[in-house]
């Protein structure tokens, strides 16, 4: 599993792949990673009609993200 050194770069790579997983340098960075993903979803994903669903293991620092379409509201 690849090491996540730069959180933003990890997310940008995942956009082209559609999904990605990696491990943070330390589990204490999990909250910062969750905030970075949330910020990307709001600022960049929402205007494009997509968002990342995230699964972060706060004990091990393993991060899995999947790019999903945002359902259109009627």
Practice task
Considering each residue of region 63-74, count those that are in a strand (DSSP E or B) and surrounded by 11 or more Cβ atoms within 10 Å (Cβ to Cβ), and give that number.
Solution key: 6
Practice task
Say whether the condition of being under 12 Å from the mean Cα position of the chain (by Cα), without any contact (Cβ under 8 Å) to a residue 12 or more places away in the chain, in a strand (DSSP E or B) and surrounded by fewer than 14 Cβ atoms within 10 Å (Cβ to Cβ) is met by at least one residue in region 16-39.
Solution key: no
Handout entry: Of all residues in region 2-12 being surrounded by 12 or more Cβ atoms within 10 Å (Cβ to Cβ) and in contact with a strand residue (DSSP E or B) (Cβ under 6 Å, 6 or more places away or on another chain), the one that is farthest from residue 58 (Cα to Cα)
Key = 10
Handout entry: So residue 60, is it part of a loop (DSSP other than H, G, I, E, B), surrounded by 11 or more Cβ atoms within 10 Å (Cβ to Cβ) and in contact with a helix residue (DSSP H, G or I) (Cβ under 9 Å, 6 or more places away or on another chain)
Key = yes
Problem - Index of the failed condition, residue 51 passing every other in (1) touching a helix residue (DSSP H, G or I) at 6+ places or on another chain (Cβ under 9 Å); (2) part of a strand (DSSP E or B); (3) surrounded by fewer than 18 Cβ atoms within 10 Å (Cβ to Cβ); (4) free of Cβ contacts under 8 Å to residues at least 24 places away in the same chain - result: (3)
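Any read-out appearing in this document is the output of simple, stated calculations on the displayed coordinates, not a laboratory observation. Quick caveat, the model's predicted, so the values are computed rather than measured. Every residue, glycine among them, receives a Cβ derived from its backbone with ideal geometry; neighbour counts consider all protein chains shown.
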